[in-house]
1. Which of the following residues is free of Cβ contacts under 8 Å to residues at least 40 places away in the same chain, more than 30 Å from residue 254 (Cβ to Cβ) and more than 16 Å from the chain's Cα centre (by Cα): 168, 195?
2. Answer with yes or no whether residue 59 is within 23 Å of residue 103 (Cβ to Cβ) and either at pLDDT 95 or above or touching a strand residue (DSSP E or B) at 6+ places or on another chain (Cβ under 7 Å) (or both).
3. Among the residues that make up region 65-84, is at least one of them surrounded by 14 or more Cβ atoms within 10 Å (Cβ to Cβ), free of Cβ contacts under 8 Å to residues at least 24 places away in the same chain and part of a loop (DSSP other than H, G, I, E, B)?
4. I'm trying to understand the selection: among the residues of region 134-155, which are surrounded by 16 or more Cβ atoms within 10 Å (Cβ to Cβ) and either more than 18 Å from residue 43 (Cβ to Cβ) or at pLDDT below 95 (or both)?
5. Taking region 5-23 only, how many residues are part of a helix (DSSP H, G or I) and either at pLDDT below 55 or touching a helix residue (DSSP H, G or I) at 6+ places or on another chain (Cβ under 6 Å) (or both)?
6. Any chance region 139-159 includes a residue that's in a helix (DSSP H, G or I) and farther than 30 Å from residue 227 by Cβ?
7. Among the residues of region 215-241, count how many are surrounded by fewer than 17 Cβ atoms within 10 Å (Cβ to Cβ) and under 12 Å from residue 127 (Cβ atoms).
């Protein structure tokens, strides 16, 4: 019997591993390449470092051009009920309350990298459970965690844009630490004092950088979970929509 020759199997070579800086670049230009590489290695330190640096740059700008005391005063002014309560507080107690608020605000800025890790850790847990148990994915938790940090890189642009706005001659009394960059309709068109609180919360949620991040997150979680991209969009935007509704409802209830 003569031997039958079979064609040799064609092997698809694995894509070369990306460097950390390549991952950052491809997050903006070819995000699927970054998220596929996360399946090889879930290293997340580079986006974390970039987010931390951007946060501290904003912190320095606020300290230099606005001042933490002014930040606290602005937040009180943005809440008429709080401003009315403070007007009835004795001067010494008011000074102590504002001093504590300044320390808390500074502490939040200083501890921001740690707070980011905690927040991303908890949110990643919820998304990991959703994509795996709700959509049949096979994502590892730390892959989702890494995806979330890389998907958050557009917020570096937002933070630097906010810094530029501060240095461009912004009136310190108009600075709103909760909405510091003109990337949403609320920051551009609405007055946070005069506008309906629920409307302002909704307009703030419709943020270009936030939507960009959610799209990246949807692509990334679908990639590392091995599910259809549509499932990633449903999981991510479903959770986001729920949080938006809660935020708007909270603003409406306590305005």
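The values are calculated or read from the model by the stated rules, or taken from the named source; none is laboratory data. Remember, it's a predicted structure, so these values are computed and weren't measured experimentally. Backbone-built Cβ (ideal geometry, glycine too); neighbour counts: all protein chains shown.
1. When all the criteria are applied, what remains is 168.
2. Criteria met by residue 59.
3. Yes.
4. 135, 137, 154, 155
5. So the count comes out to 2.
6. Yes, that holds for at least one residue.
7. 3
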